[in-house]
Amino acid sequence: MRNFLILCFCFSSLSYSILSEATTLKTHSIIDANQFVNEESNCWYDNKRYSEGALIQIHSFTLLCGAKTPQHSNSQLIWLKIDKQGNAIYPTAPKTITVN
């Protein structure tokens, strides 16, 4: 009788483990996680993330999410003001050198 109970227990444990494998869901990520980790490839405003080329209107001026240095393909993105002709106004570098 004892052997029969042990055999039943082993059989039920084995069948439970086999059946539980059949219901396991496998998930696949469709989104590249690096896109969300890399903050340099996004512009942020009002707790919202914007991609390159996004335009937002703030009061009387328009901002463009664009490359800080357009000659580099992997440049950091910043908000650039747009003039009346629709051209982006890039920040100018200081013309003097300061030494600490």
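Read the figures in this text as sums done on the coordinates, not as results from a lab. Keep in mind that what you see is a predicted model, and the values were worked out from it rather than measured. Here the Cβ is made from the backbone with ideal geometry for all residues, glycine too, and neighbour counts use every protein chain on show.
Summary table
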item: Ranked list, fewest to most other Cβ atoms within 10 Å of each Cβ, for 72, 59; result: 59, 72
item: Full-extension gain in nm, residue 59 to residue 97, via 0.36 nm per residue minus C-alpha separation; result: 10.2 nm
item: Exposure proxy ranking, count of Cβ atoms within 10 Å, fewest first, for 44, 79; result: 44, 79
item: Rg and Dmax of segment 38-89, Cα atoms only, in Å; result: 10.9, 32
